[in-house]
Amino acid sequence: MMILRREVPALLLGGLITARGAAKQPDGLDLAKKCDWALRGKTQIGQAAMTVHRPEWERTLEMGYWAVNPDKSFIRITAPAKERGTGTLRIGTNMWLYMPRVERTIKVPPSLMLQPWMGSDFTNDDLVRESSLVVDYTHTVSGEETVAGDDCWWLEATPKPDAPVVWGKQRLAVRKQDALPRRQEFYDERGRLRKVMDYDDIQRAGDRDYPMRWQMKPVDKKDRWTRLIYRKLVFDRKIPARIFTQQNLKKHF
Amino acid sequence: MLFLAMAWRNVWRHRRRSVLTVAAISLGLAFNIFMRGLGDGFHEQMVDNSVQSHIGHIQIHRAGYHDDPAITKTLPDPAAVRQAIEALPNLRGFSFRVLGDGLASSAENSAGVGVVGVTPDEESRVTTVHRAVVEGEYLDPGQHKPALIGARLAKLLQLSLGDSLVVLVQAADGSMGGEKYKITGIFRSGSPDLDRGMVYLLLRDAQSLFALEGRYTEATLLLNNSSGVAAAQAALTAHLAGDGVEVLPWYVVEPYIQQFIELDDAFFYVIVLILFIVISVGILNTILMSVFERVREFGVMMSLGMKPRQVIRLVVLEAALLAVVGILIGGAIGSAFTLYYASAGMDLASWAEGAAAIGMTSTVAYPKLTALNLGLSSLAVLFVVMLVSLYPAVHAARLRPVEAIRHV
Amino acid sequence: MALVEMEEVSKTYRDHVDVPALRDVTLHLEPGDFAAVVGPSGSGKTTLLNLAGALDQPDSGTIRIGGLDLTATPPDKLADFRLRRLGFVFQSFNLFPVLNVVENLEFVPALQGVPQRTRRAKAMALLQVVGMTDLAGKRPNELSGGQQQRVGVLRAILTEPDLVLADEPTANLDSTNASNLLDMMEQLNHEKGITFLFSTHDPQVMERARRLIRLKDGRVV
């Protein structure tokens with residue numbers, strides 16, 4: 001009797017530990033939604049610096065950024081002087097560009113959606129489809145790995161049959177603890193890896209952890225990358241509707 | 001000489017039959033010569049059209065530009081390039097340009113375009129855009145930020161003369177470039193690519209837009225005729241060796257033209273082959289019949305001591321004489337037609353749509369007669385006829401004299 | 001040495017049935033002979049002439065003409081032999097219709113490589129000898145049967161062959177023309193010593209021959 005009593009708790013404890021260690025793999029869609037929430041929340045307002053690096057030059061743009069997840073965003077460049085006042089407005093899959101020097105608002109035609117945004121390694125399409133990962137793809141969790149020092153799930157996202165996406169597949173390494181992405185891999189329709197985004201420098205931003213440094217790198221080109229560094233970021237504030245208008249693009253500050 | 005006379009007279013033993021055969025040969029050859037001439041003329045026009053609409057005979061860029069174009073790739077030593085070009089013997093003109101991609105926009109619409117910055121009078125000695133202006137005027141360096149655009153682009157953007165055209169680009173230093181230009185001219189070249197996709201600016205304006213002060217993307221040049229391209233390319237390559245440039249002839253820049261020509265030629269040869277086969281069957285029949293009619297004669301010849309290979313030579317000689325008559329007549333007819341249309345021109349209006357698709361701006365074709373065309377076609381006919389005659393000739397040579405003499 | 005030496009020559013034609021045309025024929029001809037091969041139809045006259053004319057090969061036996069063993073000579077050389085050493089007169093006149101009389105005469109010398117001027121002169125001279133120069137420029141279809149055949153004989157002897165073979169030369173001629181033809185052949189035989197071997201079943205011809213070779217069922221009798 002004595003032996004039994006001592007061993008039962010040990011057995012029970014052992015059972016609990018084993019159960020916890022083999023933590024159940026999360027549902028793919030669930031994980032994708034959590035990741036989207038972690039990165040974008042309901043709204044964002046922030047300031048960031050984007051550095052574009054090429055073999056021949058390197059340029060850094062400072063910008064202000066407003067976004068309502070999933071389908072509205074507004075970016076205004078604040079520096080350097082040549083681009084100051086240039087803005088991008090995105091509503092749904094439509095995008096407008098404004099350049100103060102020519103005083104013209106230009107709607108970006110579909111034929112140019114795959115062109116770089118502001119010369120970076122992000123395309124116009126990338127900006128327009130930020131949240132499409134949840135809506136346009138089906139998801140499975142394919143495994144786990146330690147990525148950039150964090151225990152992560154690998155999320156595989158395959159486009160739905162009629163989804164208007166350019167990628168053949170995406171893979172995301174998301175943190176087990178809070179679904180924050182550490183790495184995102186973009187594959188073309190032939191299954192070749194084309195771009196990789198690394199999410200680093202995780203700091204506290206408001207009520208959550210957030211990667212303050214994003215770096216996008218094309219796989220097959222040397223010495224080219226784009227780095228986004230968030231200087232300030234707040235989540236889930238109410239943003240007035242007038243921000244996401246063409247009039248706002250033209251407003252000089 | 002006796003055998004030549006014999007062969008000649010043998011040919012005309014059955015006058016009507018031989019006349020018909022000669023007619024078939026000469027018509028076949030005349031057709032061949034004219035069609036080849038039409039093809040050659042058409043191809044030459046295609047090349048000239050294409051070359052003079054934008055690409056020139058030869059283009060020089062920084063090495064690696066053609067495979068991977070980028071606004072940052074500019075000519076490393078433009079002065080050396082200019083010197084090399086000016087040394088060419090049959091030069092008609094050259095133009096130093098800035099080229100890049102941009103977004104052209106109006107209040108109504110925007111479109112991706114190719115921006116071309118040129119020095120207007122240099123450019124007018126290379127391309128024919130200046131002659132295609134339908135509204136307003138060609139670029140004028142005295143104007144402030146003028147733009148020359150194609151009629152299709154104007155329509156797409158709903159712009160007219162005097163309106164503002166905004167062009168946004170990514171400049172060579174990575175910054176976003178954007179400028180407003182005034183539309184001072186609208187052109188219609190007939191080429192859909194140019195009319196819809198090109199915006200011509202003054203060189204200095206393009207250099208400033210792309211942050212390329214003092215630099216050039218390419219030098220393009222036009223020779224007096226396209227036959228000198230290979231030599232000019234070799235001369236330039238030698239002159240500029242080691243200068244980090246690539247010297248590209250038009251058929252590397254726009255291979256589809258050459259590919260089209262080769263495809264067209266291939267089709268032509270297939271048609272000619274079929275034609276030759278058809279004519280050959282007729283000729284074979286004629287010669288075979290003439291051999292069968294002379295079995296006894298061949299028997300006599302070989303009895304008298306003519307060797308089989310001499311019999312073959314006689315029959316083939318007869319066929320060759322037939323062919324020569326046909327060639328002379330057919331060559332004359334074919335040449336006459338070709339030369340006539342070479343100066344009068346042949347209107348191919350019914351194929352106008354296809355012509356526009358491959359960059360032809362006019363529907364009038366001018367066939368071209370070359371000695372090579374004439375000579376090769378004639379030789380081909382002669383060769384085929386003599387080849388075909390071998391079968392009946394060998395048959396005659398294999399006759400046994402003893403049996404042949406008894407032939408009815 | 002005889003001009004023509006045939007020893008034990010046999011030839012059989014293989015058709016639906018085997019037809020023995022000549023059986024063990026032994027025959028000698030001397031230079032200058034004016035000989036006729038006679039016999040009923042199918043007796044082998046034509047075969048004998050063909051063999052003597054180097055136009056065919058026997059199945060067994062040997063044939064020598066002017067010392068050359070025909071049975072051991074390849075076809076190309078036989079053609080050459082016929083060209084330079086033999087002459088032929090055919091039953092149906094067999095002149096070349098596209099050539100005129102003098103050109104027909106020039107045919108064999110032309111094959112031999114005799115230059116144009118020489119052969120033309122020889123041909124005209126020969127026509128003169130027989131008084132036929134007015135026919136020189138005429139085409140065969142402008143001549144009578146007798147005239148054509150005489151031209152045929154002239155053609156055969158122009159190059160002074162050792163032996164002339166004539167297969168039924170008078171078969172298509174009337175008796176007057178046949179007589180004239182034989183006169184000519186005799187004259188040439190006499191004056192130039194050309195050996196003639198002809199086949200015939202024309203008694204008029206047989207009469208004029210100085211030697212008769214009778215064939216029956218392929219054998220000499």
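Per-structure values
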item: Residue check for A:Met99: closer than 22 Å to A:Thr51 by Cβ and among the hydrophobic types (A, V, I, L, M, F, W, C); result: yes
item: So A:Val134, is it within 14 Å of chain B (Cβ to nearest Cβ) and either surrounded by fewer than 19 Cβ atoms within 10 Å (Cβ to Cβ) or not aromatic (Phe, Trp, Tyr) (or both); result: no
item: Residues of the stretch C:81-104 that turn out to be at the interface with chain B (Cβ under 7 Å from one of its Cβ atoms), assigned to a loop (DSSP other than H, G, I, E, B) and either without any contact (Cβ under 8 Å) to a residue 60 or more places away in the chain or in contact with a strand residue (DSSP E or B) (Cβ under 6 Å, 6 or more places away or on another chain) (or both), as a count; result: 4
item: Selection from the stretch C:105-145 of residues that are within 14 Å of another protein chain (Cβ to nearest Cβ) and either in a loop (DSSP other than H, G, I, E, B) or of a type in the set (D, E, K, R) (or both); result: C:Glu106, C:Gly113, C:Val114, C:Pro115, C:Arg117, C:Arg119, C:Arg120, C:Lys122, C:Gly137, C:Arg139
item: Verdict on A:Gly191 being within 14 Å of another protein chain (Cβ to nearest Cβ) and out of contact with any helix residue (DSSP H, G or I) (no Cβ under 6 Å at 6 or more places or on another chain); result: no
item: Where B:Arg215 falls short, out of the listed (1) in contact with a helix residue (DSSP H, G or I) (Cβ under 6 Å, 6 or more places away or on another chain); (2) surrounded by 16 or more Cβ atoms within 10 Å (Cβ to Cβ); (3) of a type in the set (D, E, K, R); result: (1)
item: Pairs where the first residue, in the stretch B:395-406, is surrounded by fewer than 14 Cβ atoms within 10 Å (Cβ to Cβ) and the second is in a loop (DSSP other than H, G, I, E, B), C-beta under 8 Å, 6+ apart; result: none
item: Tally, over the stretch A:137-149, of residues that are surrounded by fewer than 17 Cβ atoms within 10 Å (Cβ to Cβ) and in contact with a Leu (Cβ under 8 Å, 6 or more places away or on another chain); result: 3
item: Qualifying strands (runs of 3 or more DSSP E) (wholly inside the stretch C:155-221; at least 2 residues being charged (D, E, K, R) and farther than 25 Å from C:Phe96 by Cα); result: C:211-216
item: Residue selected from the stretch A:226-253 under the condition outside any helix (DSSP H, G or I) and in contact with a Gly (Cβ under 7 Å, 6 or more places away or on another chain), by the criterion modelled with the highest pLDDT; result: A:Tyr230
item: Condition check for A:Thr105: surrounded by fewer than 21 Cβ atoms within 10 Å (Cβ to Cβ), within 14 Å of chain B (Cβ to nearest Cβ), under 21 Å from A:Val219 (Cα atoms) and in contact with a Phe, Trp or Tyr (Cβ under 9 Å, 6 or more places away or on another chain); result: no
item: Those strands (runs of 3 or more DSSP E) lying entirely in the stretch A:142-210 with at least 3 residues free of Cβ contacts under 8 Å to residues at least 24 places away in the same chain, of a type outside the set (Lys, Arg) and closer than 25 Å to A:Ala48 by Cβ; result: A:181-187, A:193-205
item: Any hit, the stretch C:56-77, residues being of a type outside the set (S, T, N, Q), within 10 Å of chain B (Cβ to nearest Cβ) and assigned to a loop (DSSP other than H, G, I, E, B); result: yes
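The values are calculated or read from the model by the stated rules, or taken from the named source; none is laboratory data. All of these numbers come straight from a predicted model, not from anything done at the bench. When we count neighbours, we look across all protein chains shown, and the Cβ atoms used for this are built from the backbone with ideal geometry, even at glycine.
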